[in-house]
Amino acid sequence: MTWVPPSPVVADGVSITGTGAGSGVVLDEVLLRALRAVQQAVCISDVSLPDEPVVWVNDAFTLTTGYLAAEAVGRNCRFLQDGLSERGHDTTRPAARIRALLRERRSGTVVIPNRRRDGSVFLNELSLSPLTEPDGSVRYYVAVQRDVTARVEAQNARDNAHAEARALADELQRHLVPHRLPEVPWLDVAVRYQPATRPDGTRGEVSGDFYDLRTLPDGEVVAVIGDVSGRGPRAAAATAALRWAVRGAAGATSEPAALLSLVSDAVQDALDERFATVAALRLRRAATEATVALAGHPQLLLLPADGEPRFVGTPGTLLGPFPEVELHDAVVDLPPGSSLLLYTDGVTEAADASHRLLGEDGLLAAVAGLTSRRSDDVADAVLAAVARHVGEGPTDDLTLMVVSRRPG
């Protein structure tokens, strides 16, 4: 660079006076060669003149826009937006942003639709920078332009794909659980169902959890809760197959272990490389007992009308990996005023910021001081304990069902 006192420099026939941070550096031949050589389009406008005209452009400007220097110099850059608003392109908001930057003499980047000389439209990422004079005033603005049409279109395509995937996930999620459970006069049932947290913090990630409650012709009630490994559409498909297999098996038997054995045979292929855990519960109005079977699923939590909560159920083989499963029925006393909590591992495996799990002890603590056995009270106490434990962190899919035998 040539260190000389500030003086006018002629660039392609345009007189440009400028200094660098008061150092006396002028826009000399080397700098002009550099501006001509860069691959990005560059134009310089004189904002001290009426209508802030372009006073210089490089060759890349012509390659990008199709306009020769002689056609651009002397015009305000907005000529590149002529007619675009009438064609449905939004130029109003980005143009207002550009005017604000110029008015406030600030630098910034704006993406705005531009029209090439041949009439084609491209998205121009315009990086604006003021050239500050020694006295603090601004006479020239440098605009570096980049065609970002492909990048923006790719991002829009990704956004649309994500939106479609989210809509599909929401639709799948709605079909994985019953719209409503049947009313059973002698039972009080509450369900809490929370899909996993999405990466953006919202809930709705396709869950592998499912639940159902069926009343059989003889008055028996079968309740099930399950969890298929993984997330996403494939997990949802396996979950749907499992849920409908349970419904089909319930028509053949109400014995929980036998029911889950039939389900294992039916969904072996549908689960593919996945596995599932399921808990099945049978209740009869005339009996104060309930029968439980577990296929790799967490034990149920019994909240007796009188006495301390405790875990019940005999562990059995999870579904999917094994052609033969070993399942056991366990009989549990459930007199009026007692409750059973069925839940997926999203409850006990809820983790805090230190990756410490809530665990079975945390679940027991959540209901330890609870005097009510109403299903909604139990469900809300468990959810509150999970929320306190997790804090602001993400959560896995989580489902719980509380089945209470009404007093009297």
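Some points to look at:
- Among the residues of the range 211-249, those identified as part of a strand (DSSP E or B), at pLDDT 90 or above and out of contact with any His (no Cβ under 8 Å at 6 or more places or on another chain) are Tyr211, Asp212, Leu213, Arg214, Thr215, Val221, Val222, Ala223, Val224.
- Pro298 vs. criteria assigned by TED's automatic domain parsing to the domain that holds Val367, of a type outside the set (Asp, Glu), outside any helix (DSSP H, G or I) and within 16 Å of Leu319 (Cβ to Cβ): yes
- The range 58-72: number of residues that are over 44 Å from the mean Cα position of the chain (by Cα) and surrounded by 19 or more Cβ atoms within 10 Å (Cβ to Cβ): 1
- Hey, Gly296 touching a Ser or Thr at 6+ places or on another chain (Cβ under 6 Å), within 18 Å of Ala257 (Cα to Cα), of a type outside the set (Val, Ile, Thr) and free of Cβ contacts under 8 Å to residues at least 40 places away in the same chain or not: yes
- Total residues in the range 347-387, condition in a loop (DSSP other than H, G, I, E, B) and either among the hydrophobic types (A, V, I, L, M, F, W, C) or surrounded by fewer than 20 Cβ atoms within 10 Å (Cβ to Cβ) (or both): 13
- For the range 329-341, the count of residues that are touching a residue at least 60 places away in the same chain (Cβ under 8 Å), in a helix (DSSP H, G or I) and closer than 30 Å to Arg285 by Cα is zero.
- If you filter the range 257-295 down to residues that are more than 38 Å from the chain's Cα centre (by Cα), of a type in the set (A, V, I, L, M) and part of a strand (DSSP E or B), you find that the one that is nearest to Val331 (Cα to Cα) is Ala290.
The values are calculated or read from the model by the stated rules, or taken from the named source; none is laboratory data. Just so we're clear, the structure is a prediction, and the values are computed from it rather than from any experiment. Counting neighbours? That spans all protein chains shown, and the Cβs are built from the backbone with ideal geometry, glycine included.
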